[in-house]
Amino acid sequence: MKKMIMLLVIAILALPLVGQAHTTLSSSTPAEGSVVVDPLDEVILTFGTVIELGSTMILENEEATYEFEEVALSNEVMTGKMTEELPNGSYVIKWKIIGVDGHPIEGEVPFELAVEVVEEEPVVEEPEVETETEPAEEKVTATEESSAQATETTEEDGGSSIITVILILAVVIIGFIVFRLLKKK
């Protein structure tokens with residue numbers, strides 16, 4: 001009877017690990033909740049496992065749904081190429097994938113698009129004047145910001161891996177203790 005109770009306790013403790021078995025979104029570009037300041041040419045979603053054919057994604061805002069010109073799958077990465085320039089506003093990437101385990105999974109990644117619109121002034125021919133070029137620092141800042149946003153998403157998802165490892169260690173330790181207790185009797 002004690003063995004049955006101990007096995008039941010171990011099974012209950014191992015239950016949270018069953019939910020961890022499905023594929024999860026590891027990172028995205030644009031990152032969840034980010035503000036994109038450059039025109040959006042492509043969307044990249046990286047998952048925790050290989051994704052299968054039949055996986056899709058679309059882009060939506062309040063007014064319209066935008067299809068990708070091409071959605072490419074490569075192991076754990078799904079990349080969508082944009083066909084048109086998007087207006088500023090709030091968007092949601094809606095994805096549906098089939099993981100290696102065969103289970104369909106879906107999710108959403110919200111973000112904001114805020115590309116600065118520069119109005120072109122009429123061109124007036126003037127004598128040649130040296131123009132200042134954009135400092136390299138400004139270009140680097142936008143790239144660093146995108147990298148920082150992608151890193152934040154990856155770091156947040158690293159926490160779920162740590163939780164999984166801790167849960168597995170707890171189950172192993174409890175199992176060892178139960179084994180030792182049962183062996184003494």
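The values are calculated or read from the model by the stated rules, or taken from the named source; none is laboratory data. For clarity, every value in this text was computed on a predicted model and none was experimentally measured. Note: ideal-geometry Cβ built from the backbone for every residue, glycine included; neighbour counts use all protein chains shown.
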query = Does residue 88 qualify as being out of contact with any helix residue (DSSP H, G or I) (no Cβ under 6 Å at 6 or more places or on another chain), outside the structural domain of residue 168 (by TED's automatic domain parsing) and loosely packed, with under 15 Cβ neighbours inside 10 Å?
reply = yes
key: Cβ pairs under 7 Å, 6+ apart, first in the stretch 62-76 and closer than 14 Å to residue 52 by Cβ, second aliphatic (A, V, I, L, M) and surrounded by 13 or more Cβ atoms within 10 Å (Cβ to Cβ)   = 71/57; 71/78; 73/51; 75/50; 76/50; 76/51
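Condition check ((1) exposed (fewer than 15 other Cβ atoms within 10 Å of the Cβ); (2) hydrophobic (A, V, I, L, M, F, W, C); (3) within 16 Å of residue 97 (Cβ to Cβ)) across all residues:
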{"residue": "25", "(1), (2), (3)": "no, yes, yes"}
{"residue": "29", "(1), (2), (3)": "no, no, no"}
{"residue": "34", "(1), (2), (3)": "no, no, no"}
{"residue": "43", "(1), (2), (3)": "no, yes, yes"}
{"residue": "48", "(1), (2), (3)": "no, no, yes"}
{"residue": "51", "(1), (2), (3)": "no, yes, yes"}
{"residue": "56", "(1), (2), (3)": "no, no, yes"}
{"residue": "62", "(1), (2), (3)": "yes, no, no"}
{"residue": "69", "(1), (2), (3)": "yes, no, no"}
query = Counting only residues that are outside any strand (DSSP E or B) and more than 14 Å from residue 45 (Cα to Cα), how many does the stretch 65-108 have?
reply = 11
ask   = Just one of 28, 34 is within 14 Å of residue 95 (Cβ to Cβ) and at pLDDT 85 or above; which is it?
value = 28
query = On the given criteria, is residue 152 of a type in the set (Asp, Glu), at pLDDT 90 or above and not in a loop (DSSP other than H, G, I, E, B)?
reply = no
